[in-house]
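J.: Once you've had a glance at the structure underneath, I'll fire off some questions.
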Amino acid sequence: MDNVFRRKSIHWNKKSRKSMQQSLLREEPLSIRVEGNPYAVVMRTPGDEIAHVAGFCLTEGIIDTPDDLTSIGFCEDDVTNVVTVTLTPSRREKISEILDRRGFISQSSCGLCGKELVKDLFQIIRPLESNRPIEMKKALDCLQKLANVQPLRQQTLAAHAAAIYGSDGELLTVAEDVGRHNALDKAIGKIFLSRRLEQAALLILSSRISYELVQKSARARIPIILAHSRPTALAVELGASLNMTLASLDDDDAGLYVFCGEQRLFN
C-alpha cells in the first residue's frame with residue numbers, strides 16, 4: 001500500500017502565490033480486538049499491522065512473550081484495519097483485570113497526578129537491571145542520523161520514527177508512523193516477534209520523550225532512550241525510578257543533555 005499521497009496545495013509568501021504538489025502521509029484507524037472483544041482503536045500509518053499490534057500488546061502488559069499468543073492476525077485477509085489477538089488460557093486468566101479495563105494505564109490515567117502515575121507504573125514495571133554501556137559518541141551518531149532511515153519523513157515531513165539498536169550500534173529495526181506511539185509499538189513488535197528483543201539496548205526517537213514512551217520502552221526492557229526533543233518532567237521522574245537512561249540533543253544539535261542514568265553512556 002502506498003502511504004504517500006500527492007495533493008495540490010497553494011504556496012504563498014510575501015512575494016508570490018502559486019499552485020504546487022505536496023506529499024501527504026496516509027492515516028487510517030486500526031482496530032485491535034483481544035479475545036474477540038474490541039480493545040483499542042488507534043490512528044496510524046498503514047503497514048506492519050501484525051508487528052504493531054504485537055508491540056502494542058507487549059508494551060500495554062497484555063502479553064510478556066510471543067508464547068502468550070495463541071494467534072494474531074487479520075479478521076479477513078483483505079481487511080488490514082482490524083487485527084484480532086487470541087491468548088493462551090493461562091495468560092487470559094493472569095491478565096483478566098487488564099482485559100476488563102479495556103486498556104492499560106497509559107490510556108486510563110485521567111485524574112491521576114504525576115506522583116500517583118509513577119507510583120502505579122513502578123508497581124507494574126520492574127526497574128531495569130541492564131547496565132550495558134554504550135559509547136556516547138556512537139549513541140549520538142545514531143540520533144543525528146535518524147533521518148537517514150526515515151523515507152516517509154523525507155517524502156512528507158510528517159512521519160515519526162523509532163529506531164532500535166544493539167549495544168554495538170547495530171540497527172535492529174526501525175518503524176515510521178504518523179503517531180510516535182505507533183512507531184515505537186511497530187519497532188518493538190518487529191523484534192519481539194522475531195525473538196530478538198533481548199538484543200535491544202538503545203532506542204532513538206524522532207519526538208520528545210513522554211512518560212508513555214518511557215513506559216513502553218521499560219516494558220520492552222530497552223534501557224536507553226535518546227530523542228531529538230527533551231523529555232517531560234514526568235518522563236524523567238519515571239525513567240529515573242525505573243533505572244533508565246534518558247537523553248536528548250543539546251541546543252546546537254552537537255551533543256547530548258543526559259537527564260538520568262548517565263552511567264550507561266561513556267566517553
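J.: Show the residue pairs that are 6+ apart or on different chains and have beta-carbon atoms under 9 Å apart, the first residue being within segment 60-88 and open to solvent by 30 Å² or more (accessible area, probe 1.4 Å), the second being of a type in the set (Phe, Trp, Tyr) and at pLDDT 95 or above.
T.: As it stands, the answer is Thr65/Phe192, since those pairs meet every condition given.
J.: Let me ask something additional. Can you tell me which of (1) surrounded by 16 or more Cβ atoms within 10 Å (Cβ to Cβ); (2) farther than 14 Å from Leu226 by Cβ is the one Ala162 doesn't meet?
T.: Evaluating Ala162 over (1) surrounded by 16 or more Cβ atoms within 10 Å (Cβ to Cβ); (2) farther than 14 Å from Leu226 by Cβ leaves (2) as the failure.
So that you can scan it fast, the table gives a plain yes or no per residue for (1) over 20 Å from Pro127 (Cα atoms); (2) of a type in the set (A, V, I, L, M, F, W, C):
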| residue | (1), (2) |
| --- | --- |
| Ala158 | yes, yes |
| Gly179 | yes, no |
| Gly189 | yes, no |
| Phe192 | no, yes |
| Leu197 | no, yes |
| Ser206 | yes, no |
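J.: If you take the residues of segment 20-59 that are open to solvent by 10 Å² or more (accessible area, probe 1.4 Å) and among the β-branched types (Val, Ile, Thr), which of them is nearest to the chain's Cα centre (by Cα)?
T.: It comes out as Val42.
J.: Pairs under 9 Å by beta carbon, first residue at positive phi in segment 249-267, partner assigned to a strand (DSSP E or B) and open to solvent by less than 70 Å² (accessible area, probe 1.4 Å), six or more apart or different chains?
T.: Final answer for the pair search is Gly261/Ile224; Gly261/Thr245; Gly261/Leu246; Gly261/Ala247.
J.: Another question about this same structure. For segment 213-260, enumerate the residues that are in a helix (DSSP H, G or I) and open to solvent by 20 Å² or more (accessible area, probe 1.4 Å).
T.: Passing the criteria: Arg219, Ala233, Leu234, Val236, Glu237, Ala240, Ser241.
J.: Which of the following residues is at pLDDT 95 or above and open to solvent by less than 10 Å² (accessible area, probe 1.4 Å): Leu172, Leu197, Leu184, Leu193? Step through it out loud before you land on a result.
T.: Numbers: Leu172 fails: open to solvent by less than 10 Å² (accessible area, probe 1.4 Å); Leu197 fails: open to solvent by less than 10 Å² (accessible area, probe 1.4 Å); Leu193 fails: open to solvent by less than 10 Å² (accessible area, probe 1.4 Å).
Matching residue, one of Leu172, Leu197, Leu184, Leu193: Leu184.
J.: Does Ile10 satisfy the condition of being of a type outside the set (Gly, Ala, Ser) and surrounded by 15 or more Cβ atoms within 10 Å (Cβ to Cβ)?
T.: Working: of a type outside the set (Gly, Ala, Ser): yes; surrounded by 15 or more Cβ atoms within 10 Å (Cβ to Cβ): no.
It is false that Ile10 is of a type outside the set (Gly, Ala, Ser) and surrounded by 15 or more Cβ atoms within 10 Å (Cβ to Cβ).
J.: Can you tell me which condition Gln263 does not meet? The list is (1) outside any helix (DSSP H, G or I); (2) open to solvent by 50 Å² or more (accessible area, probe 1.4 Å), and all the others hold.
T.: Condition not satisfied by Gln263: (1).
J.: Please go through segment 72-101 and pick out each residue that is part of a helix (DSSP H, G or I) and under 12 Å from Gly36 (Cβ atoms).
T.: Of everything in segment 72-101, those that are part of a helix (DSSP H, G or I) and under 12 Å from Gly36 (Cβ atoms) turn out to be Arg92, Leu99.
The values are calculated or read from the model by the stated rules, or taken from the named source; none is laboratory data. Just so you know, these numbers come straight off a predicted model, no measurement behind them. Neighbour counts run over all protein chains shown; Cβ positions are idealised from the backbone, glycine included. To get the accessible areas, we keep the full protein, side chains included, count just its heavy atoms, and leave off ligands, DNA and RNA. Shrake-Rupley method; radii C 1.70, N 1.55, O 1.52, S 1.80 Å.
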